[in-house]
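What follows is one structure encoded as structure tokens, with my remarks underneath.
Only the coordinates and a few stated rules stand behind these numbers; no lab work does. Note that the structure is predicted; figures quoted are calculated from it, not measured. Neighbour counts are summed over all protein chains in view; Cβ atoms, including those assigned to glycine, are modelled from backbone coordinates with ideal geometry.
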Amino acid sequence: MASIEKNAIFPIGELIENEYFFGTAYLKMLLTDSALNAPIGNVTFEPGARNNWHTHAAGQILLVTAGEGWYQEEGKSGQLLKAGDVVNIPADVKHWHGAVKDSWFVHLALTPGETTWLEPVTEKYYQQL
């Protein structure tokens, strides 16, 4: 973790301990109360870590700040993401995101509204990317 901490723009935050993430990931909330009602979290995934399929009632924006990761919408091919990439996720689109197998992945998540967590991304499914 030392190299990612040295290269990270924002603090890594606390370990995420819930059933919606596979592998090791961290969250540092940067903004929780704003006039835009758009909390911003810095999410850091260790290699191979990912979140479950999920949707956002109002959509979500991901701003990739370090490493390499995957973003995938249901029914579409996975997109390889690198630092500087921006993903605009429409409302109610089923998707997941996380690190590639051999790299850390860090993004800012702008997430207004509610998140609906769904089933895990299986290891077999993930390995096919």
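Roughly speaking, what is the stretch gain from Ile9 to Glu73, that is 0.36 nm per residue apart minus the C-alpha to C-alpha distance, in nm to one decimal? List each step's numbers first, then the result.
Numbers: separation 64, 0.36 × 64 = 23.04 nm, distance 2.69 nm.
Stretched fully, the Ile9-Glu73 segment lengthens by 20.3 nm.
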R0 = 25 Å: FRET efficiency of Asn88 with Thr32, Cβ-based, nearest 0.05?
0.70
Ordered by residue, what ³J(HN,Hα) values in Hz, to whole numbers, does the stretch 77-85 give under the Karplus form 6.51 cos²θ - 1.76 cosθ + 1.60, where θ = phi - 60° and Gly and Pro are x?
6, x, 10, 6, 10, 9, 3, x, 6
Based on Cβ point charges of +1 for Lys and Arg and -1 for Asp and Glu, what charge dipole magnitude is obtained for the chain about its Cα centre, in debye rounded to the nearest 20?
300 debye
Name the residue farthest towards the positive end of the dipole of the chain from the options Leu80, Gly59, Pro11, assuming +1 on Cβ of Lys and Arg, -1 on Cβ of Asp and Glu, about the Cα centre.
Leu80
If I take all pairs of Cα atoms in the chain, what percentage of them are more than 26 Å from each other?
13 percent
Mind listing the phi-derived Karplus ³J(HN,Hα) values for the stretch 21-36, rounded to whole Hz, using 6.51, -1.76 and 1.60 with θ = phi - 60°, and x for any glycine or proline?
10, 10, x, 9, 9, 10, 9, 10, 6, 9, 8, 10, 9, 9, 4, 8
Modelled FRET efficiency - R0 22 Å, Gln128 with Ser103, Cβ distances, 0.05 increments
0.80
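Helix-only estimate, please: 222 nm mean residue ellipticity of the chain, summing -39500 (n - 2.57) across DSSP H runs of length 4 or more and dividing by its residues, to the nearest 500.
Values: 2 runs with 11 residues, N = 129.
For the chain, the value works out to -2000 deg cm²/dmol.
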Whose amide H sits under 5 Å from the amide H of Gly59, counting only residues 5 or more places off or on another chain, with H placed in the peptide plane?
Ala91, Asp92
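Loop only per DSSP, at most 13 neighbouring Cβ atoms within 10 Å: give me the GluC sites (Glu not before Pro) in the stretch 1-94, ordered by residue number.
Numbers: sites: Glu5, Glu14, Glu17, Glu19, Glu68, Glu73, Glu74; in loops: Glu17, Glu19, Glu74.
When the GluC sites (Glu not before Pro) of the stretch 1-94 are filtered for loop state and at most 13 Cβ neighbours within 10 Å, Glu17, Glu19, Glu74 remain.
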Take the alpha carbon atoms of the stretch 58-129, find their center, do the same for the stretch 13-40, and report the distance between the two centers in whole angstrom.
14 Å
